[in-house]
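A.B. asks: Have a look at the structure that comes next, please.
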Amino acid sequence: MKTTRNTFDGLDLLSSAVIILDAESRITYANAAAENLFESSAKALVGHKLEELFLNGSHLSEIFHEAVQHRFADKRLDLTLERAGRESLQVHVIVTALDNPVTPVLIELRENVQQLKLDREERLLDQSQANKELIRNLAHEIKNPLGGIRGAAQLLEFELPERQLKELREYTQVIIKEADRLQTLVDRLLAPHRRPHIVGDVNIHEVCERVRSLIMAEFPTGLTIRRDYDLSVPEFRGDKEQLIQAVLNITHNAAQALSDRMKAGDALITLQTRVARQVTLAKIRYRLALDLHIIDNGPGIPPDIQDRIFYPLVSGREGGSGLGLTLAQTFVQQHMGVIECESRPGCTDFRILIPLP
């Protein structure tokens, strides 16, 4: 086995997973990328039949036998490999028949990034639809009794004897003010579903400039907002006010996360526009799409909520409502687009993709 490892050591430099099989379909070699892909060491993989690694490995077994019988020189296909207790692998597989009776087959596996992206978008859309239904139902259920609670508190205050009014008015006012606060929250939850979609010609740079001016007015010191615009981005049909609100919600969150850097004077938000080509959104292929990035150099989104940041009422900031990103995603989806996010300490990148004409 040491000889096999030394013979193929150069394959460890490849970013794609490579395994070599013997005549019995047993793994004799796995490179470093294969160890990462299969989440197992080469030592643990060697000696196992390839089909044993997956719940649906019979298809791989058939392809192996075709390769051994030299029915093809190489074969390429996309597969979903199911694993017990772990997430399935979406991979592009290249099977090569080798002119070697001892190790007759080499298999290269590359994670299918496009398929993973489509699956993630589909989950995001399903999640968003479920969120919208939950929000609407919950908001209406809360809204109805709120008016009664507030009204009852006002009546109680009105009926209090004069000698008790000063002493007890404090409590009735707490009820009234908390009912008003909840009413405001409910109105924000229902806002995207109430307001009509007003469509017109949208210049995304006018949207960005409006947001920039609003943020700079609120955070005048210690923050720089850098423009990196591609002026060739065409206008498109959309609701300008909704898009301003969506970009503003994201940028405002970024500015709030930069409070420590503002004190140091090196807080930075970048508004970047580009044109993306041949983009698939919600399983529809578009020739062109707006590619808008809102990037900050803050501490990053806490890892435990990164997968849930678009859920309603999820916030990484003390006192945050957890509605800003939910509403932003809703507004962008109404434009047939999507918001993606990548975050690590020192760089958080929100990416808005919207189809262009």
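A.B. asks: Kindly check whether there is at least one residue in region 337-349 that is modelled with pLDDT of 80 or more, assigned by TED's automatic domain parsing to the domain that holds ILE244, over 21 Å from ALA255 (Cα atoms) and not acidic (Asp, Glu).
C.D. replies: Yes, region 337-349 has at least one match.
A.B. asks: Restricting to region 263-297, give me the number of residues that are more than 17 Å from GLU209 (Cβ to Cβ), surrounded by fewer than 18 Cβ atoms within 10 Å (Cβ to Cβ) and within 17 Å of the chain's Cα centre (by Cα).
C.D. replies: Residues that pass the stated criteria total 3.
A.B. asks: When LEU292 is evaluated against the numbered criteria (1) at pLDDT below 90; (2) within 16 Å of GLN329 (Cα to Cα), which criterion, by number, is the only one it fails?
C.D. replies: Every condition holds for LEU292 apart from (1).
A.B. asks: Something else: Can you report the number of residues in region 24-76 which are touching a His at 6+ places or on another chain (Cβ under 7 Å) and β-branched (Val, Ile, Thr)?
C.D. replies: So the count comes out to 1.
A.B. asks: Which of (1) over 17 Å from LEU325 (Cα atoms); (2) in contact (Cβ under 8 Å) with a residue 12 or more places away in the chain does ARG285 not meet, given it meets every other one?
C.D. replies: Condition (2) is where ARG285 drops out.
A.B. asks: Kindly indicate the residue of region 341-357 that is in contact (Cβ under 8 Å) with a residue 60 or more places away in the chain and part of a strand (DSSP E or B) and also farthest from ASP239 (Cα to Cα) among those meeting that condition.
C.D. replies: If we take residues in region 341-357 being in contact (Cβ under 8 Å) with a residue 60 or more places away in the chain and part of a strand (DSSP E or B), then THR348 is farthest from ASP239 (Cα to Cα).
A.B. asks: Hey, does region 220-234 have a residue that's buried (at least 18 other Cβ atoms within 10 Å of the Cβ), modelled with pLDDT of 85 or more and of a type in the set (Lys, Arg)?
C.D. replies: no
A.B. asks: Quick check: is even one residue across region 240-253 small (Gly, Ala, Ser) and either assigned to a helix (DSSP H, G or I) or closer than 10 Å to ILE204 by Cα (or both)?
C.D. replies: Checking region 240-253: at least one residue is small (Gly, Ala, Ser) and either assigned to a helix (DSSP H, G or I) or closer than 10 Å to ILE204 by Cα (or both).
The values are calculated or read from the model by the stated rules, or taken from the named source; none is laboratory data. Every value quoted in this text rests on a predicted model; they were computed, and no experiment measured them. As a convention, Cβ positions derive from the backbone with ideal geometry for all residues, glycine included, and neighbour counts pool all protein chains shown.
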